[in-house]
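Trainee: Input: one structure, supplied below.
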Number of protein chains: 2
Amino acid sequence: MTVQLKEGVLDPEAETTREALERLGFELEALRAADRFEIDLEAADSEAAYDRAEEMAERLLANPTIHDYEVSIEDQ
Amino acid sequence: MTVQLKEGVLDPEAETTREALERLGFELEALRAADRFEIDLEAADSEAAYDRAEEMAERLLANPTIHDYEVSIEDQ
């Protein structure tokens, strides 16, 4: 699952990283940072896994006021 | 680009997140956290973009002692 600030929400950490890269001589147009969570869980099927992951995002991992999140499922 | 702690490196932040999810009643087997950086840059081709991103990882975004990183390129 990837949790990222919504467009328009300031991200001073990403801004600092971009400036540090520029000080090192790199040229870049934009840098966006996101948190990725890889979660192993048992579920009956992909749909059940997706629902559980979505609930984890809603209840803890993302703040709906400022974050967008994206869930993807990998069978194992 | 995704920057993640190498296997075997302790990640107290991920551990805390896992515990918080369990306190909320979620059952999960493992949780790994990673940082994802989305960087826009001009480059002659995908290979040049890849090399630049890899250099950014080596010089700033990842610490080779504790991190693995993975670069993927998207044409725009």
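The values are calculated or read from the model by the stated rules, or taken from the named source; none is laboratory data. Quantities reported herein were computed from a predicted structural model and do not represent experimental measurements. Because the Cβ atoms are built from the backbone with ideal geometry, glycine has one as well, and the counts that use them run over all protein chains shown.
Trainee: Could you list all residues from region A:21-55 that are closer than 20 Å to B:Glu15 by Cβ and either touching a strand residue (DSSP E or B) at 6+ places or on another chain (Cβ under 7 Å) or aromatic (Phe, Trp, Tyr) (or both)?
Mentor: A:Asp35, A:Arg36, A:Phe37, A:Glu38, A:Ile39, A:Asp40, A:Ala53
Trainee: What residue, of B:Glu27, B:Glu22, B:Glu58, B:Glu7, is within 22 Å of A:Glu58 (Cβ to Cβ) and either more than 10 Å from chain A (Cβ to nearest Cβ) or modelled with pLDDT under 95 (or both)? Talk me through it step by step, then tell me what you get.
Mentor: Values: B:Glu27 fails: either more than 10 Å from chain A (Cβ to nearest Cβ) or modelled with pLDDT under 95 (or both); B:Glu58 fails: within 22 Å of A:Glu58 (Cβ to Cβ); B:Glu7 fails: within 22 Å of A:Glu58 (Cβ to Cβ).
Sole residue among the options that is within 22 Å of A:Glu58 (Cβ to Cβ) and either more than 10 Å from chain A (Cβ to nearest Cβ) or modelled with pLDDT under 95 (or both): B:Glu22.
Trainee: From the list B:Asp51, B:Asp45, B:Asp68, B:Asp75, exactly one residue is more than 11 Å from chain A (Cβ to nearest Cβ), more than 20 Å from A:Glu27 (Cβ to Cβ) and among the charged types (D, E, K, R). Which is it? Let's see the steps before the verdict.
Mentor: Working: B:Asp51 fails: more than 20 Å from A:Glu27 (Cβ to Cβ); B:Asp45 fails: more than 20 Å from A:Glu27 (Cβ to Cβ); B:Asp75 fails: more than 20 Å from A:Glu27 (Cβ to Cβ).
The match here is B:Asp68.
Trainee: Restricting to region B:6-20, name every residue that is in contact with a strand residue (DSSP E or B) (Cβ under 6 Å, 6 or more places away or on another chain) and either hydrophobic (A, V, I, L, M, F, W, C) or in contact (Cβ under 8 Å) with a residue 24 or more places away in the chain (or both).
Mentor: B:Lys6, B:Ala14
Trainee: Given chain A, what strands (runs of 3 or more DSSP E) lie entirely inside it while holding 3 or more residues that are exposed (fewer than 15 other Cβ atoms within 10 Å of the Cβ)? It would help to see each step written out before you state the result.
Mentor: Details: elements: A:2-5, A:30-40, A:67-70.
In chain A, A:30-40 are the strands (runs of 3 or more DSSP E) which contain 3 or more residues that are exposed (fewer than 15 other Cβ atoms within 10 Å of the Cβ).
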